[in-house]
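Handing you this structure, nothing more for now.
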Amino acid sequence: MLFVILFGRMSPLYPFLRAEHIAIIFAVPGIILATVFVTFPFITRELVPVMEAHGRSEEEAAATMGASGWTIFRRVTLPNIKWALLYGVILCTARALGEFGAVSVVSGHIRGKTNTLPLHIEILYNEYNFTAAFAVASILVILAVIILILRNLVEWRAKRGLRNGN
């Protein structure tokens with residue numbers, strides 16, 4: 001609802017958005033914003049504990065030695081958080097594939113433009129096209145199994161890396 005209030009027709013931003021021909025509500029940018037808003041906490045939930053446990057000492061040492069921010073991130077921070085980041089991205093992707101509520105509000109259910117797989121399943125099911133609805137749902141199940149396998153592989157690699165000292 002926040003995006004509808006912020007970018008909808010009753011918003012103070014609406015005249016500007018309309019004048020610039022920017023569509024957010026009932027368009028793809030709204031779907032992207034809603035999905036990011038709902039799913040990015042999964043990445044944060046994985047990264048924050050790892051970064052807190054690791055501390056700042058290595059980054060501060062690299063900065064003291066004259067490394068730029070990008071170099072510090074690429075050579076010091078990223079190697080330390082790579083498994084947590086990958087795990088968070090996988091969880092984020094899994095959540096994004098099945099997102100229904102927030103996307104349903106901002107998408108408008110416009111066939112061929114703002115339809116996601118969960119919304120398409122709902123439309124097919126409401127039209128009593130059960131065979132097609134279950135076929136599309138099967139695609140989501142296959143994607144969920146693939147993501148589950150990826151999650152388990154990343155978790156296994158991360159645990160193996162911790163045992164080996166990486």
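All of the numbers you see were taken from the coordinates with simple rules; none came from a lab. What you see is a predicted model; the values in this text were computed from it and never measured. For neighbour counting, all protein chains shown are included, and Cβ atoms are generated from backbone atoms with ideal geometry for every residue, glycine included.
Would you confirm whether or not region 46-62 contains a residue that is closer than 24 Å to Val145 by Cα, in a helix (DSSP H, G or I) and not acidic (Asp, Glu)?
Within region 46-62 (the criterion being closer than 24 Å to Val145 by Cα, in a helix (DSSP H, G or I) and not acidic (Asp, Glu)), the answer is yes, since at least one residue qualifies.
List every residue pair whose Cβ atoms sit under 8 Å apart, with the two residues 6 or more apart in sequence or on different chains, where the first one lies in region 106-119 and is closer than 18 Å to Arg95 by Cβ and the second, anywhere, is acidic (Asp, Glu) and buried (at least 16 other Cβ atoms within 10 Å of the Cβ).
Thr116/Glu99; Pro118/Glu99
Tell me whether region 15-27 contains one or more residues that are without any contact (Cβ under 8 Å) to a residue 12 or more places away in the chain, more than 24 Å from Asn115 (Cα to Cα) and of a type in the set (Lys, Arg).
no
Listed residues Ile90, Ile72, Ile149; which is in contact with a Lys or Arg (Cβ under 6 Å, 6 or more places away or on another chain) and more than 26 Å from Ala23 (Cβ to Cβ)?
Ile90
Any idea which residue in region 11-27 is surrounded by the most Cβ atoms within 10 Å (Cβ to Cβ), counting only those that are part of a helix (DSSP H, G or I) and more than 26 Å from the chain's Cα centre (by Cα)?
Tyr14
Okay, moving on. Here is a check on your reading of the model: is Ala84 small (Gly, Ala, Ser), over 18 Å from Ala144 (Cα atoms) and touching a residue at least 40 places away in the same chain (Cβ under 8 Å)?
Judged against the criteria, Ala84 is a match.
Condition check ((1) surrounded by fewer than 16 Cβ atoms within 10 Å (Cβ to Cβ); (2) out of contact with any Phe, Trp or Tyr (no Cβ under 9 Å at 6 or more places or on another chain)) across all residues:
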{"site": "Ala53", "(1), (2)": "yes, yes"}
{"site": "Ala62", "(1), (2)": "no, yes"}
{"site": "Ser68", "(1), (2)": "yes, yes"}
{"site": "Leu78", "(1), (2)": "yes, yes"}
{"site": "Cys92", "(1), (2)": "no, no"}
{"site": "Leu119", "(1), (2)": "no, no"}
{"site": "Leu124", "(1), (2)": "no, no"}
{"site": "Ser138", "(1), (2)": "yes, yes"}
{"site": "Ile147", "(1), (2)": "no, yes"}
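Moving to a separate point now. Any residue at all in region 144-151 that is of a type outside the set (A, V, I, L, M), in contact (Cβ under 8 Å) with a residue 12 or more places away in the chain and assigned to a helix (DSSP H, G or I)?
Yes, region 144-151 has at least one match.
Additional query: Among (1) out of contact with any Phe, Trp or Tyr (no Cβ under 9 Å at 6 or more places or on another chain); (2) assigned to a helix (DSSP H, G or I), where does Gly112 come up short?
(2)
Ile90 is checked against (1) assigned to a helix (DSSP H, G or I); (2) farther than 26 Å from Val145 by Cα; (3) of a type in the set (A, V, I, L, M, F, W, C) and fails just one. What number does that condition carry?
(2)
If we keep just the residues of region 126-136 that are part of a helix (DSSP H, G or I) and surrounded by fewer than 13 Cβ atoms within 10 Å (Cβ to Cβ), which is nearest to the chain's Cα centre (by Cα)?
Ala135
Considering only region 140-166, state which residues are within 14 Å of Leu117 (Cβ to Cβ) and in contact with a helix residue (DSSP H, G or I) (Cβ under 7 Å, 6 or more places away or on another chain).
Within region 140-166, Leu140, Leu143, Ala144, Ile147 qualify.
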